[in-house]
Amino acid sequence: MGTVVAGQANFYQVCLSPDQSPSGNGAGGEAKRMTLLCTCRARLKKIGQKVMVGDRVVVSCPDWQGGRGVISEILPRKTELARPSIANADHLLLVFAVAEPDPDPVTLSRFLLKAESTGLEVSLCFNKCDLLPPDSLREWYDRMRGWGYDPLMISVYHGVEYRFEGDRMETSPTLNLSSNSAGLDKPGFGESSPSLTRDGDRNQVSGTANSLLDRLRLKTTAISGPSGVGKSSLINKLIPNSHLRVGEVSGKLGRGRHTTRHVELFELHNGGFLADTPGFNQPELQCDPHQLGNYFPEIRDRLTKGKCQFDDCLHREEPSCVVRGDWERYPQYLHFLEEAIEAWETSQHQPLEEDRLKSKSKSGGGKQYEPKLQSKKYRRSSRRLEHQNLQQLCEDLDEV
Ligand SMILES: Nc1nc2c(ncn2[C@@H]2O[C@H](COP(=O)(O)OP(=O)(O)OP(=O)(O)O)[C@@H](O)[C@H]2O)c(=O)[nH]1
Ligand SMILES: [Zn+2]
């Protein structure tokens, strides 16, 4: 048994489960995971089964000395992501940078919505915190809390995480694996954290102290985010022998080069896998407009506390809507909703149910809208159609 960690052409790297490597095979003991280079049984291809990175597989005919094997079975997948193509991922880590490149709130939302649409657990992480003063970091942190996220604030360069407790900002070297292995084993922060105090009377932050490594523990995590935010640097930091290429941020655009290519899983020391995925700048969001609200934590929260009058409320102009209101991302929601409706109608070639209104001119001028009847269910069929149907029925009866 093992997990496919990489694939290219018809070859797959399979990382065997810890108890699956034979002892005394030169792999360095039972606890050490061994990786075999595998081909895939032709039978699997014949029945249309394609191996994906992240797949749990059964390896037959292992050649321990040569480090080879054959994938003979793919276990049922828990989840399947299409772009990036990863099986069994259960966590998505969205990485942005607080600067270089500057985060754009609309792009950030677009990534978040795309991430939420996968149905996986989503974590938001801001890298390059070494580039901004504490007050600016705190602004981003509070803003993201307002969006319903508990963002991880990190600097891969310094190997630290930043945390806000009341007005204090604490740093902890939890990403420095060499200097502090506590991050791998223990939740929370190290003992000697330098702390900074900021002015003002912010609300107490009530989030639980859970570090990046806690969130990654025992999960298969796909890392996503725009180019140049430091995804490869982060993986290199957490998995020093991954040797991912780190790109330069191009001066003109403040963006990184597109340096990440194939999807590959890297094994974490505390259990779990990390997948680096190709950087892309504007993920496309195609979803059922009625689903869009579920991808906003703010809307989910409002809908657990109250109920809109209409079950299929799109939270626009509808009466007694508990979602419409003065919250930061509401205008963004409306913007993305229009986009989703347009994309939906293009793909379905029909207007949304709610838009099937017909306008009637009122006697005193102005317009009045009333719902169109759905032709099949409620609208009376034309005389001609009724006549044709009757004729057809008679012919059918004649044949009998
Ligand atoms: N100041 C600062 N720069 C960083 C930090 N982490 C990464 N960088 C720099 O940011 C640039 C881009 O880093 P990458 O790791 O290649 O970014 P990426 O997200 O993997 O980029 P793609 O592969 O294009 O998706 C490099 O020049 C890094 O040295 C950090 O914590 N602070
Ligand atoms: Zn509503």
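The values are calculated or read from the model by the stated rules, or taken from the named source; none is laboratory data. Bear in mind that the values here come from a model prediction, so they are computed numbers and not experimental data. Note: ideal-geometry Cβ built from the backbone for every residue, glycine included; neighbour counts use all protein chains shown. To get the accessible areas, we keep the full protein, side chains included, count just its heavy atoms, and leave off ligands, DNA and RNA. Shrake-Rupley method; radii C 1.70, N 1.55, O 1.52, S 1.80 Å.
Extent along the principal axes, Cα only, for region 41-110: 51, 30, 17 Å, with the longest axis given first.
Computed over region 118-182, the percent of Cα pairs more than 15 Å apart is 54. Among Arg168, Arg145, the order of accessible area from largest down is Arg168, Arg145, computed with a 1.4 Å probe on protein heavy atoms.
Across the protein chains, with a 1.4 Å probe defining accessible surface, the residues Asp276, Asp150 rank Asp150, Asp276 from largest area downward. Taking region 99-118 and a reference point 7 angstrom along Cα→Cβ of Arg143, the backbone N atoms nearer than 12 Å belong to 99, 102-109.
At the residue level, Ser72 shows approximately 10 square angstrom of accessible surface with a 1.4 angstrom probe and all protein chains present. When the pairs Lys46/Lys231; Lys114/Lys219; Lys114/Lys305; Lys114/Lys237; Lys114/Lys307 are compared against a 29 Å limit on Cα-Cα distance, Lys46/Lys231 fall above it.
Full extension from Lys307 to Trp64: what is 0.36 nm times the residue separation minus their Cα-Cα distance, to one decimal in nm?
Result for the pair: 81.4 nm of gain on full extension.
Label-to-label distance, Asp326 versus Glu100, with points set 7 angstrom from Cα along the beta-carbon direction: 3.9 nm. Using only alpha-carbon positions in region 34-81, the gyration tensor eigenvalues give semi-axes of 20, 13, 8 Å once each is multiplied by 5 and square-rooted (largest first).
Given a 1.4 Å probe and the protein chains as shown, Leu285 ends up with an accessible area of around 20 Å².
Quick one: work out Rg over Rh on the C-alpha atoms of region 292-353, Rh as Kirkwood radius. Ratio value, two decimals: 0.98. Between Thr39 and Tyr157, the modelled label-to-label distance comes to 4.9 nm, taking each label 7 Å out from Cα in the direction of the beta carbon.
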